[in-house]
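The values are calculated or read from the model by the stated rules, or taken from the named source; none is laboratory data. Since this is a predicted model, take the numbers as computed values, not measurements. Cβ sites come from the backbone with ideal geometry, for glycine too, and all protein chains shown count toward neighbours.
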Amino acid sequence: MEKFENLNGKKVKIISTENGHGVPMGTVVTITASYPNNGFGGTATYYHSYNSSTVLYRKNFVLYSLTKEELQKELEETQKKASDIQAKIDFLNENNLENFDEDYFKVYSALQELDKDSSITEKVKVIINLIKG
């Protein structure tokens with residue numbers, strides 16, 4: 001019997017489609033649940049983020065390691081997301097609101113940008129971004 005690895009939350013790269021799981025070769029997925037024994041000879045099964053109705057076996061994947069550049073990109077995306085969330089919290093505080101409304105926030109933000117001393121071209125970009133959402 002193979003050694004069980006709890007890989008919940010780990011990223012893995014598909015290297016085999018042997019058991020017909022339907023995940024394309026080379027795809028990176030996140031393991032969402034790990035089970036030590038599927039009842040068929042003690043083979044561990046792993047559920048994943050690509051298609052939650054199919055399982056992977058350990059022979060189907062390798063652990064995926066991120067490069068320095070990928071980690072840097074992930075950090076920047078996370079920081080951007082945190083900054084966006086903080087802007088929404090600030091908006092709620094500044095306007096004494098309890099519940100967030102995305103449309104209200106977009107219009108409010110656009111009006112703040114339009115109120116700045118900027119060129120017509122910059123103001124057109126703000127309005128286009130508002131329209132496109």
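Just a few scattered comments:
Yes or no, residue by residue, for (1) among the charged types (D, E, K, R); (2) touching a residue at least 40 places away in the same chain (Cβ under 8 Å); (3) over 30 Å from P24 (Cβ atoms):
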position: E77; (1), (2), (3): yes, no, no
position: D90; (1), (2), (3): yes, no, yes
position: N95; (1), (2), (3): no, no, yes
position: E98; (1), (2), (3): yes, no, yes
position: S119; (1), (2), (3): no, no, yes
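- Elements of type helices (runs of 4 or more DSSP H) contained in segment 41-133, each with 3 or more residues being basic (K, R): 68-94, 120-132
A quick yes/no check of all residues on (1) at pLDDT 80 or above; (2) under 20 Å from the mean Cα position of the chain (by Cα); (3) exposed (fewer than 11 other Cβ atoms within 10 Å of the Cβ):
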residue: T45; (1), (2), (3): no, no, no
residue: N60; (1), (2), (3): yes, no, no
residue: T67; (1), (2), (3): yes, yes, yes
residue: E77; (1), (2), (3): yes, yes, yes
residue: D90; (1), (2), (3): yes, no, yes
residue: N99; (1), (2), (3): yes, no, yes
residue: Y108; (1), (2), (3): yes, no, no
residue: E113; (1), (2), (3): yes, no, no
residue: D117; (1), (2), (3): yes, no, yes
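- The set of residues in segment 58-94 being touching a helix residue (DSSP H, G or I) at 6+ places or on another chain (Cβ under 8 Å) and charged (D, E, K, R) consists of K88 alone.
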